[in-house]
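Working notes, beginning with the structure itself.
The values are calculated or read from the model by the stated rules, or taken from the named source; none is laboratory data. It should be emphasised that the depicted structure is a prediction, and the values quoted were computed from it without experimental measurement. Neighbour counts are summed over all protein chains in view; Cβ atoms, including those assigned to glycine, are modelled from backbone coordinates with ideal geometry.
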Amino acid sequence: MQPRIVTILKAVAAVIVLFGCLVAVLSLAWSYARPEPPRIAPPIHRPVRPMQQRPQATRSVPPPTPTPIRAPAAQPMAPPMPPAPVYQPPPYQSPDRPPDDAPKDVYVEGYYRKDGTYVQPYWRRSPSH
């Protein structure tokens, strides 16, 4: 490395170390400067006296008579909605499988012959077609 870059890196490292020391000193000073919160005694649980009931005031005016509530007139009901159509997805057709209306073919898995050669998988006509 060039000497100038080394000098710059040493200066940056020194600044980082000084900054860390400054943060540590300030946090320590802050912890001593903060007053301790006052200690609060736990509450004392005393039995609660039941409330005394007040005497009922006598009314000279009779209470109002309630008005009867009338039910709303019956509305004719709308006919029930038909059930929503249920989505039926088309039957799944594999891309490597022919459609159902095509002549029936049989998928042959790959296999190894007795002599050790591998035969790739292929389609062949079923024996019934």
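Here segment 83-107 is the region considered, the condition is being surrounded by 10 or more Cβ atoms within 10 Å (Cβ to Cβ) and closer than 14 Å to Arg125 by Cβ, and the residue that is modelled with the lowest pLDDT is Pro98.
Residues that are modelled with pLDDT under 70, out of contact with any Asp or Glu (no Cβ under 8 Å at 6 or more places or on another chain) and assigned to a loop (DSSP other than H, G, I, E, B) are absent from segment 16-33 altogether.
Whether any residue in segment 61-72 is closer than 30 Å to Arg124 by Cα, at pLDDT 70 or above and exposed (fewer than 10 other Cβ atoms within 10 Å of the Cβ) is what I want to check. No; the residues of segment 61-72 include none that is closer than 30 Å to Arg124 by Cα, at pLDDT 70 or above and exposed (fewer than 10 other Cβ atoms within 10 Å of the Cβ).
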